[in-house]
Amino acid sequence: MKDETRNSDSRNSAFGLILFRVSIFAFRVSFSFWLSFSRVSIFAFRVSFPLWRWLRAVLDDDAYDRYLTHRVTLSEAERQRGGVEGSAALSPADFYRLRLEEKYSRPTRCC
Amino acid sequence: MKKTLKALLWIAIALGGAGALGAIALERGERVSATWFIVAAACFYLVGYRFYSAFLAARVLALDETRATPAERRDDGRDFVPTNKWVLMGHHFAAIAGPGPLIGPTLAAQFGYLPGTLWLIVGAVLGGCVQDFTVLAASIRRDGKSLGQMAREEVSKLSGMVASFAVLAIMIILLAAVALVVVNALRASPWGTWTIALSIPIAVLMGLYLRYWRPGRVLEATAIGVALLAFAVVSGQWVAASPGWAQVFTLSGVALAMALILYGFAASALPVWLLLAPRDYLSAFIKLGVVFALAAGILWVRPQVEMPPLTRFVDGTGPIFAGGIFPFCFITIACGAVSGFHSLISSGTTPKMITRETHARMIGYGSMLLESFVGVMAMVAACVLQPGVYFAINSPAGIVGATAAEATAAISSWGFPVDPATMQNLARLVGEESLFNRAGGAPSLAVGMAHIFSNTIGGERLLAVWYHFAIMFEVLFILTVLDAGTRVGRFMLQDLLGHFWKPLGRTSWYPSILLTSGAIVAAWGWFLYQGVRDPLGGINTLWPLFGIANQLLATIALAVMTTILLKLHRLRYAWVTLVPATALVAVTMTASFQKMFHANPRIGFWAHAQDLSAQLASGALPAAQVADTQRFIVNDYINFGVTGLLAGLVLIVVASTGLEWLKLLVGRRAPDLQETPYVATQYAEAD
């Protein structure tokens, strides 16, 4: 009886040990997966974000944002000099229309 | 140690380039892998950029990192805007890369792949890039002034006037030549015509979206436009398969020419936001994407080049255009190696946006290297076709005959075997009724590109879709040049007419807009119409005229830059621009002379007119052809006059700049440069 109990205990502890090791292994695998996934994500983000910003800038998608930033910088400089602020900023629609009129009045596309 | 390693690396790159060029130049009787073309070009560009452009930047132009640029000094948030160098390079490349480096090398492949490839690489490194770079640097030092203004101030008023006039003349001939490429690409092609026709309402929809619904959200609108355009390409096959719809979209050359003339007029006269700008966004996006995709496709597929290095047509008897390698290979390649038109961009928007003088090296020299690389890829795409197929697509009916049997027999007799069944099968695979008599370069380039793309994705099953995608890509950005060019031509004409009557100069006064738009489209439309009706395909006449005009502008730009270098250094570094300028004078003058006076009627306009007149006088022509022949004779005389005018402009520029150089060298004129005074930059070193 004692032997049986001892055997059953040792079987239980061996099973527990295996379970423990498997859990550790699963944790390590999933952790390394998560780690590499997050590394890949960070890498993809690092690569794609500048590309995205580049594409936006090349296609003039951020032209209005840049115009507003420029206005803020200019107003700040004017305020520091003690001058008065100029006219209000153009609306996105007006800025877009004016920018196109200017852009396409000179050679913009080549042969 | 580090220095030695660097030196060894550059020696290895130089040897790699020489080896790759040797592999493609010395090949006899074996097929060459396209990879060698890419390796040769890349190595030469790297060496040229690393050493020659560095020499130009440091010694010749003396670019100064500490000097404030016009973008910094006159920053207004709209016109003068300091811009990140990579973004500006994207803008500059999208502006200079047009249909020229795709069409020119495709047409020049009739000489074999070697002459064109060599000129693309060498011409760009020593000529085209130097022109773009020096003009950009000079314009930065002069507050972003245009080439015409620089010519007027640094050389003479006469040179300035000639430059301004040359720009308008080039614009008109350029628009006619590229419009003819569109006509020949879409002629009797319901799939292609449907796709391009649909791109107009797509552009209008984008225009409305950008103007009223989401002002300025270009990427959103472009994403919608690209998705709709993909649908237009795919849906074209259903249109081509439907007998009723196919008939509606099967247009003759004349009908397509009229449609293009109407389109050009509309794009010039309508508000810019409605049609022109959205189409330009679509075109720029697709242009950048396809150029990178083509490079990746060539490296992935590594196709074998089927064209021999030199063909029998080096003697000037080519079916696509007549004339020997010198000067016609140089005239035909045009923009891929040296493009005068680039000097307008380099002295236009770019100098007003550059943050540092030193960025001009990457933007001016580097962008032109990329354009040349596009030309090399186009050459590869054209040369992966079987030569017989290439000539069958590009040869006009007036040379090889109107039927498939006649054409294939003529081409096979030249040593480039091809049979009607092969051409019929190829036409079926790409979803076209026929591929014969499609002079212009666009269809053969599209077949080559489709071959590369379909070997990467989709196989033969998707060949038709890829072919029409390539046609859409080519036509889309030719139309962008067409509408933007017509509009700029209109502004130039209004500027000129404004001197005679003020209201005509007002760019927002509608009677003036309609009058000047009509005048510009009538001017290029006339050349287009005569090209469409020309039994020799039109390209034989129009592309050389365009090449001469383009190289003329490059000659003017390089001559002006030589004057500036003489003022800067006297004779020491003037050879940098003087050598390519001299080469271009030789090319343009020889080509002009041959186009005017060559005894072969296929080359010389005068001889062609005389030949036709003799046929008329002999009474041998059928009555139905008499009126056409009389019109061809008038066209020949007009083309003769236009070529003479262009050659005359070259001579005026050479004479007036030469006089200035002489005055400078003997000390009769002070070397007074019109640069803006030095102002130190306020930007930190790392900006």
Are any residues in region B:154-188 closer than 20 Å to B:L496 by Cβ, more than 13 Å from chain A (Cβ to nearest Cβ) and open to solvent by 30 Å² or more (accessible area, probe 1.4 Å), and if so, which ones? B:K157, B:L158, B:M161, B:F165
Out of B:A95, B:A25, B:A34, which single residue is at pLDDT below 95, within 14 Å of chain A (Cβ to nearest Cβ) and open to solvent by less than 40 Å² (accessible area, probe 1.4 Å)? B:A95
Keeping to region B:25-60, report how many residues are of a type in the set (K, R) and under 15 Å from B:G112 (Cβ atoms). 2
Selection from region B:111-128 of residues in contact with a Pro (Cβ under 9 Å, 6 or more places away or on another chain), over 15 Å from B:P327 (Cβ atoms) and either modelled with pLDDT under 95 or part of a helix (DSSP H, G or I) (or both) yields B:Y113, B:L114, B:T117, B:L120, B:L126, B:G128
Consider region B:25-65. How many of its residues are in a loop (DSSP other than H, G, I, E, B) and in contact with a strand residue (DSSP E or B) (Cβ under 6 Å, 6 or more places away or on another chain)? 1
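Could you tell me which of the residues B:T193, B:T222 is closer than 24 Å to B:G264 by Cα and either without any contact (Cβ under 8 Å) to a residue 60 or more places away in the chain or under 24 Å from the mean Cα position of the chain (by Cα) (or both)?
Step by step, each of B:T193, B:T222 is checked, and only B:T193 is closer than 24 Å to B:G264 by Cα and either without any contact (Cβ under 8 Å) to a residue 60 or more places away in the chain or under 24 Å from the mean Cα position of the chain (by Cα) (or both).
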Check on B:L270, over 21 Å from the mean Cα position of the chain (by Cα), within 14 Å of chain A (Cβ to nearest Cβ) and open to solvent by 20 Å² or more (accessible area, probe 1.4 Å): yes
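For (1) among the hydrophobic types (A, V, I, L, M, F, W, C); (2) modelled with pLDDT of 95 or more; (3) touching a helix residue (DSSP H, G or I) at 6+ places or on another chain (Cβ under 9 Å), each residue gets a yes or a no:
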residue	(1), (2), (3)
B:T222	no, no, yes
B:S235	no, yes, yes
B:W273	yes, no, yes
B:A277	yes, no, yes
B:K287	no, no, yes
B:A295	yes, no, yes
Residues located in region B:229-250, provided they are surrounded by fewer than 20 Cβ atoms within 10 Å (Cβ to Cβ) and over 14 Å from B:F469 (Cβ atoms): B:W238, B:A241, B:S242, B:P243, B:G244, B:W245, B:A246, B:Q247, B:V248, B:T250
Regarding A:A44, is this residue hydrophobic (A, V, I, L, M, F, W, C) and either within 25 Å of B:P82 (Cβ to Cβ) or within 7 Å of chain B (Cβ to nearest Cβ) (or both)? no
I'm told B:G316 meets every condition in (1) open to solvent by 10 Å² or more (accessible area, probe 1.4 Å); (2) at pLDDT 90 or above except one. Can you identify the failing condition by its number? (1)
If I ask for residues that are open to solvent by 40 Å² or more (accessible area, probe 1.4 Å) and within 30 Å of B:H342 (Cβ to Cβ), which ones from region A:59-102 would you list? A:Y64, A:D65, A:R66, A:R97, A:L98, A:R99, A:E101, A:E102
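Out of B:V666, B:V679, B:V634, which single residue is open to solvent by 40 Å² or more (accessible area, probe 1.4 Å) and touching a strand residue (DSSP E or B) at 6+ places or on another chain (Cβ under 8 Å)? First the steps, then the outcome.
Details: B:V666 fails: touching a strand residue (DSSP E or B) at 6+ places or on another chain (Cβ under 8 Å); B:V634 fails: touching a strand residue (DSSP E or B) at 6+ places or on another chain (Cβ under 8 Å).
The unique qualifying residue is B:V679.
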Only one of A:S105, A:S38 is more than 14 Å from chain B (Cβ to nearest Cβ), open to solvent by less than 50 Å² (accessible area, probe 1.4 Å) and either among the hydroxyl-bearing types (S, T, Y) or in contact with a Ser or Thr (Cβ under 7 Å, 6 or more places away or on another chain) (or both). Can you tell me which? A:S38
Residue check, B:V47 of a type in the set (A, V, I, L, M, F, W, C) and within 11 Å of chain A (Cβ to nearest Cβ): no
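Taking helices (runs of 4 or more DSSP H) that do not extend beyond region B:423-539, which have at least 1 residues that are at pLDDT 90 or above and acidic (D, E)?
In region B:423-539, B:463-497 are the helices (runs of 4 or more DSSP H) which contain 1 or more residues that are at pLDDT 90 or above and acidic (D, E).
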Filtered residues of region B:617-631 (kept if in a helix (DSSP H, G or I), open to solvent by 50 Å² or more (accessible area, probe 1.4 Å) and free of Cβ contacts under 8 Å to residues at least 60 places away in the same chain): B:A617, B:S618, B:A623, B:A624, B:Q625, B:A627, B:Q630
Does region B:596-609 contain at least one residue that is under 21 Å from B:G324 (Cβ atoms), in a loop (DSSP other than H, G, I, E, B), open to solvent by 10 Å² or more (accessible area, probe 1.4 Å) and among the basic types (K, R)? yes
Residue count for region B:27-45, restricted to those that are more than 23 Å from the chain's Cα centre (by Cα) and over 23 Å from B:L385 (Cβ atoms): 1
Scan region B:207-223 and give yes if some residue there is open to solvent by 40 Å² or more (accessible area, probe 1.4 Å), more than 30 Å from A:A93 (Cα to Cα) and either within 14 Å of another protein chain (Cβ to nearest Cβ) or basic (K, R) (or both), otherwise no. no
Would you mind telling me which numbered condition in (1) open to solvent by 10 Å² or more (accessible area, probe 1.4 Å); (2) under 24 Å from the mean Cα position of the chain (by Cα); (3) modelled with pLDDT of 95 or more B:R141 fails? (2)
Which of (1) over 30 Å from B:T562 (Cβ atoms); (2) in a helix (DSSP H, G or I); (3) within 14 Å of chain A (Cβ to nearest Cβ) is the odd one out, the single condition B:D76 does not satisfy? (2)
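The values are calculated or read from the model by the stated rules, or taken from the named source; none is laboratory data. Remember, predicted model here, so these are calculated numbers, not experimental data. Glycine gets a Cβ as well: all are built from the backbone with ideal geometry, and neighbour counts include every protein chain shown. Areas reflect the complete protein model, heavy atoms only, side chains present, ligands, DNA and RNA absent. Shrake-Rupley method; radii C 1.70, N 1.55, O 1.52, S 1.80 Å.
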